[in-house]
Amino acid sequence: MTDQTEAASRETSAPATLIDIVFPGDTNHHGTLFGGSGLALMDRIAFIVATRHGRVPFVTASCDRVDFRAPARIGQIVSFSGQPIRVGRRSMAVSVDMTAENMLTGSRKLCSRGTFTMVAMPGADKADWVLPPLDAVTITPESDGALRMVDIVFPDQANSFGAMFGGDALANMTKAAFVAATRRSGRKTVLASCTGMDFRHRITIGSIIEPVARIVRTGRSSATVEVELWSEELLTGHRRRTVTGTFVMVAVDADNRPVPAFAN
């Protein structure tokens, strides 16, 4: 297990990925993801990437031509990957790819690509402030094989005290466990149990959240996935491991019966 806090610079300027699943409520009458829903998630990951680089509030100034090359269909995993590509004094460009992944075959296709121009709003007390250049930080790639996926906490996910609902935190952790187990097995997986939930800190509105999922044990038809949920303050980069838990995912067939899927 890693320490509960990490240096703020660990994620600065690094690429980031938001992962979701296409559910029926996200689709049009063709059974494919709404273009507007895809654009909203592309803009969200662009905001996260920009904020991690500048550590000041950002707004979206423009979106260059976005080409929708292929549809994302119900039941597919969709990944939104953002990468900073250009930085000026107060604005930066973030390139975003949307990729759809077939859960059972693992095949992936590029659905959309666009460039978002994000403008920093540092405030009147930072009149001389400028964005750090792209080469200001050396990025060390993660190499531990864990699944990482970022998102941001909005007001509709929080209680009257401004803290994220525990249920929403668990939903994000379960999604990470599901994606990790499904990718490993090449089968549809379902949640059999979750244990050891340890809520250590509150997560406030506007925080970046990052579930980190690792498969620690496999059986004939099940996988045990340990998930840490990290929270990160937007403007300081301070990170804390806020929740930990263990999820048992079972591979099932079309009739929801367990099937052999994991290699021991």
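The values are calculated or read from the model by the stated rules, or taken from the named source; none is laboratory data. Being a predicted model, the structure only gives us computed values, none of them experimental. No Cβ is skipped: glycine too gets one built from the backbone with ideal geometry, and neighbour counts run over all protein chains shown.
Tell me, please, whether a residue that is at pLDDT below 95, within 30 Å of R187 (Cβ to Cβ) and either over 15 Å from the mean Cα position of the chain (by Cα) or among the basic types (K, R) (or both) can be found in segment 87-103. Checked segment 87-103: at least one residue is at pLDDT below 95, within 30 Å of R187 (Cβ to Cβ) and either over 15 Å from the mean Cα position of the chain (by Cα) or among the basic types (K, R) (or both). Restricting D156, D168, D128, D97 to residues that are free of Cβ contacts under 8 Å to residues at least 40 places away in the same chain, surrounded by fewer than 19 Cβ atoms within 10 Å (Cβ to Cβ) and assigned by TED's automatic domain parsing to the domain that holds G36 narrows the list to D97.
Looking for something surrounded by 21 or more Cβ atoms within 10 Å (Cβ to Cβ), small (G, A, S) and under 30 Å from D128 (Cα atoms) - is there at least one such residue anywhere in segment 78-90? Yes, some residue in segment 78-90 is surrounded by 21 or more Cβ atoms within 10 Å (Cβ to Cβ), small (G, A, S) and under 30 Å from D128 (Cα atoms).
Condition first: under 19 Å from M103 (Cα atoms) and either of a type outside the set (F, W, Y) or not in a loop (DSSP other than H, G, I, E, B) (or both). Can you find one or more residues in segment 156-166 that meet it? No, that holds for no residue.
The set of residues in segment 129-160 being over 18 Å from the mean Cα position of the chain (by Cα), at pLDDT below 90 and not polar (S, T, N, Q) consists of L134, D135, A136, V137, I139.
Can I152 be described as touching a Lys or Arg at 6+ places or on another chain (Cβ under 8 Å) and either within 30 Å of F23 (Cα to Cα) or of a type in the set (D, E) (or both)? Criteria met by I152. What are the residues in segment 188-233 that are over 30 Å from F161 (Cβ atoms), buried (at least 19 other Cβ atoms within 10 Å of the Cβ) and either in contact (Cβ under 8 Å) with a residue 60 or more places away in the chain or not assigned by TED's automatic domain parsing to the domain that holds A171 (or both), if any? K188, T189, listed by residue number.
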